[in-house]
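Note sheet for the following structure.
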Amino acid sequence: MIPYSRQSIDKEDIKAVVEVLESDFITQGKKVEEFEKKTASFLERKFAIAFNSGTAALHSAYFAAGISKNDEIITTPISFLATSNAALYLQAKPVFCDVKYNGQIDENKIEKLISKKTKAIVPVDFAGITPNIEKIKEICKKHNLLLIEDACHAFGTKIKEKKAGYLADIACYSFHAIKPITTIEGGLLATDDEEIYKKAKIFRNHGMIHKKAYLRDMIYLGYNYRLSDVAAALGISQLKKIDSFLKKREEIAKYYDERFDKNPYFSTIKVPLEIKSSYHLYPILFFRDLWCEKEDIYQKLIEEKIGVQVHYRPIYQNSYYRKLYKNLKLTNAEEFYKAELSIPCHQNMSLKDAKFVADTLFRVLESAKRCKLW
Ligand SMILES: *Cc1c(COP(=O)(O)O)cnc(C)c1O
């Protein structure tokens with residue numbers, strides 16, 4: 001099976017992890033601090049806080065931003081559940097904004113969703129591509145809202161030589177196994193705001209602060225969201241390799257771009273010229289007359305050992321959300337879900353693998369039924 005994504009762990013990574021495992025200290029300590037310094041510097045931000053998941057980073061970001069009961073955030077339904085779940089943890093309400101043809105939040109539909117309760121706008125760098133962040137930042141400024149970016153797909157993405165998340169008050173990243181670099185499970189919050197930094201850091205450790213000697217005081221209801229030094233050692237080692245990872249993914253994506261140009265079955269997502277994508281995903285978007293066959297195409301590709309996936313079912317269509325969003329229907333998001341399929345694109349693939357994926361995909365599609373549209 002060629003999976004749609006996969007971690008790359010080499011001997012150097014293993015050595016770094018074993019070194020910490022054999023030391024006296026394995027939970028959150030010096031290695032986590034080192035990882036935070038290095039990621040902050042990589043992202044060119046003042047502060048970075050490591051977490052045991054990207055979800056924990058998002059939850060902490062919302063908490064530190066002061067988001068609480070009955071507040072609203074405006075976000076996209078074409079994302080992993082965590083983006084909006086983390087708001088529900090605080091009893092805040094995610095307000096879903098429709099997307100554009102490329103799966104990115106539609107910046108032109110944001111303003112009419114702003115209410116007195118809105119606290120933040122939370123765009124997602126879907127597939128590793130930054131949305132129209134300058135426009136979104138402008139909207140935030142105009143309405144005095146925080147920009148919290150879910151950049152979980154985009155650690156390493158560059159936009160005009162800046163790193164994804166650079167305009168956000170708070171940017172969150174994930175180091176889950178299949179994200180651009182990994183700490184097995186893990187996440188990061190980056191910000192230039194010292195107050196937000198302090199609050200999120202306290203939240204990571206039960207909401208507890210150290211007063212003096214043995215006296216500690218719990219000032220918020222926090223969580224245990226700490227990363228271990230073992231995981232951080234892996235992160236430090238992975239960070240050294242990010243350029244080579246991204247180069248490899250780009251090579252695969254560029255091959256696909258050429259192979260798929262003007263084919264009769266699907267379109268691909270054009271990466272804007274000023275963006276260098278992490279290519280966390282390589283989505284293809286089937287033309288309408290193949291939507292009814294997508295499940296069948298998916299099954300056939302899995303049988304052919306091509307690990308495809310669909311990103312994402314609009315969040316509000318999940319049963320749990322349906323109870324809260326009974327009649328919500330966002331046309332573009334629902335059509336995007338019907339059209340989208342993510343094909344394998346990661347740093348462990350060779351061009352030969354990519355050719356195999358493209359050949360097999362075209363072979364499966366040649367025999368696919370076309371659906372009646374009217
Ligand atoms: C992976 C991901 C997250 C959550 O990250 P975890 O590290 O798995 O908790 C959040 N948002 C998006 C868009 C993601 O892809």
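The values are calculated or read from the model by the stated rules, or taken from the named source; none is laboratory data. Here the structure is a predicted model, which is why all the values come from computation and not from measurement. Glycine gets a Cβ as well: all are built from the backbone with ideal geometry, and neighbour counts include every protein chain shown.
Taken together, ARG288, ARG249 contain a single residue that is modelled with pLDDT of 95 or more, surrounded by fewer than 19 Cβ atoms within 10 Å (Cβ to Cβ) and not assigned by TED's automatic domain parsing to the domain that holds THR130, which is ARG288. Based on what the data block shows, is GLY103 in the same structural domain as SER174 (by TED's automatic domain parsing), outside any helix (DSSP H, G or I) and surrounded by 24 or more Cβ atoms within 10 Å (Cβ to Cβ)? The answer is yes for GLY103. The C-beta contact set for region 110-124 (first residue more than 20 Å from ALA82 (Cβ to Cβ) and of a type in the set (Lys, Arg), second residue modelled with pLDDT of 95 or more and assigned to a loop (DSSP other than H, G, I, E, B), distance under 7 angstrom, 6+ apart or interchain) comprises LYS117/ASN70; LYS117/ASP71. Looking only at residues of region 169-186 that are under 18 Å from PHE245 (Cβ atoms) and in a strand (DSSP E or B), we find that the one that is farthest from the ligand (Cβ to nearest atom) is TYR173.
Taking ALA16, is it at pLDDT 95 or above, within 16 Å of the ligand (Cβ to nearest atom) and not in a loop (DSSP other than H, G, I, E, B)? No, not satisfied.
Right, LYS46: surrounded by fewer than 19 Cβ atoms within 10 Å (Cβ to Cβ), charged (D, E, K, R) and within 30 Å of ARG288 (Cβ to Cβ) or not? Against the criterion (surrounded by fewer than 19 Cβ atoms within 10 Å (Cβ to Cβ), charged (D, E, K, R) and within 30 Å of ARG288 (Cβ to Cβ)), LYS46 does not qualify.
Here is a yes/no grid of residues against (1) within 30 Å of GLU34 (Cβ to Cβ); (2) modelled with pLDDT of 95 or more; (3) touching a Leu at 6+ places or on another chain (Cβ under 8 Å); (4) away from the ligand (no atom under 16 Å from the Cβ):
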{"position": "PHE266", "(1), (2), (3), (4)": "no, yes, yes, yes"}
{"position": "LEU301", "(1), (2), (3), (4)": "no, yes, yes, yes"}
{"position": "LYS305", "(1), (2), (3), (4)": "no, yes, no, yes"}
{"position": "ASN332", "(1), (2), (3), (4)": "no, yes, no, yes"}
{"position": "PHE336", "(1), (2), (3), (4)": "no, yes, yes, no"}
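For the condition buried (at least 19 other Cβ atoms within 10 Å of the Cβ) and not aliphatic (A, V, I, L, M), SER5 qualifies. In region 150-173, is there at least one residue being surrounded by fewer than 24 Cβ atoms within 10 Å (Cβ to Cβ) and within 11 Å of the chain's Cα centre (by Cα)? Within region 150-173 (the criterion being surrounded by fewer than 24 Cβ atoms within 10 Å (Cβ to Cβ) and within 11 Å of the chain's Cα centre (by Cα)), the answer is no, since none of the residues qualifies. Scanning region 37-84 for residues that are over 30 Å from PRO314 (Cα atoms) and either more than 16 Å from the ligand (Cβ to nearest atom) or assigned to a loop (DSSP other than H, G, I, E, B) (or both) turns up LYS37, LYS38, ALA40, SER41, PHE42, GLU44, ARG45, LYS46, PHE47.
Regarding LEU246, is this residue under 30 Å from VAL20 (Cα atoms) and without any contact (Cβ under 8 Å) to a residue 60 or more places away in the chain? Against the criterion (under 30 Å from VAL20 (Cα atoms) and without any contact (Cβ under 8 Å) to a residue 60 or more places away in the chain), LEU246 does not qualify. Looking across region 303-323, the residues that are hydrophobic (A, V, I, L, M, F, W, C) and either touching a residue at least 60 places away in the same chain (Cβ under 8 Å) or buried (at least 19 other Cβ atoms within 10 Å of the Cβ) (or both) come down to ILE306, VAL308, ILE315. Put simply, of TYR197, TYR166 the only residue that is more than 16 Å from the ligand (Cβ to nearest atom), touching a Lys or Arg at 6+ places or on another chain (Cβ under 9 Å) and assigned to a helix (DSSP H, G or I) is TYR197. The set of residues in region 111-128 being of a type outside the set (Phe, Trp, Tyr) and in contact with a Phe, Trp or Tyr (Cβ under 9 Å, 6 or more places away or on another chain) consists of LEU113, LYS119, ALA120, VAL122, VAL124, ALA127, GLY128.
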